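The values are calculated or read from the model by the stated rules, or taken from the named source; none is laboratory data. None of the values given here were measured: they were computed from a predicted structure. Positions of Cβ are backbone-derived with ideal geometry, glycine not excepted, and every protein chain shown enters the neighbour counts. Just so you know, the surface numbers come from the protein's heavy atoms only, side chains and all, with ligands and any DNA or RNA stripped out. Shrake-Rupley method; radii C 1.70, N 1.55, O 1.52, S 1.80 Å.
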Amino acid sequence: MSAGPKYEYRWADGVQIKKPIEVSAPKYVEYLMDWIEAQLDDESIFPQRLGAPFPPNFKEVVKTIFKRLFRVYAHIYHSHFQKIVSLKEEAHLNTCFKHFILFTHEFGLIDKKELAPLQELIESIIVPY
């Protein structure tokens, strides 16, 4: 799983896989979606009852979710964008990514260094706003 030659992403969930392992992009996405589902289903992180408190580490969990989702976008843009263009689907990808970036920027959910693989694209999105 990579975003160009300078960025490789390894998987670790801290529970079943404690030490980061090298995995293919499809496997990384599979692990990620399963992990995100587990986080969302965990009532100690995302309370279901009205008035139940969120945990002190809530923002950190959310930031980790968004950081890892960004890595999927970075991989798609670096490894599959030409295929997306050939399918004439780039407007959809770009719109989804723009909303994702504006949201994460507004709430400070991804550290700037994590955004490096798509920095030029991100600046073209954020600068007009």
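Summary table below
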read-out	value
Selection from region 80-129 of residues that are small (Gly, Ala, Ser) and open to solvent by less than 60 Å² (accessible area, probe 1.4 Å)	Gly108, Ala116
Odd one out for Phe103, checked against (1) within 19 Å of Leu121 (Cβ to Cβ); (2) over 13 Å from the mean Cα position of the chain (by Cα)	(2)
Residue that is closer than 22 Å to Asp13 by Cα and not small (Gly, Ala, Ser), where the choices are Leu102, Leu87, Leu69, Leu93	Leu69
Count of region 26-48 residues which are open to solvent by 60 Å² or more (accessible area, probe 1.4 Å), over 15 Å from Trp11 (Cα atoms) and among the hydrophobic types (A, V, I, L, M, F, W, C)	1
Hits in region 95-122 - residues which are aromatic (Phe, Trp, Tyr) and either without any contact (Cβ under 8 Å) to a residue 24 or more places away in the chain or under 20 Å from Pro26 (Cβ atoms) (or both)	Phe97, Phe103, Phe107
Residue list for region 56-75, restricted to those being surrounded by fewer than 14 Cβ atoms within 10 Å (Cβ to Cβ) and either hydroxyl-bearing (Ser, Thr, Tyr) or assigned to a loop (DSSP other than H, G, I, E, B) (or both)	Pro56, Asn57
Selected residue (only one of His92, His78 is in contact (Cβ under 8 Å) with a residue 40 or more places away in the chain, over 14 Å from the mean Cα position of the chain (by Cα), in a helix (DSSP H, G or I) and within 17 Å of Leu121 (Cβ to Cβ))	His78
Residue tally, condition assigned to a loop (DSSP other than H, G, I, E, B) and open to solvent by 80 Å² or more (accessible area, probe 1.4 Å), over region 1-25	8
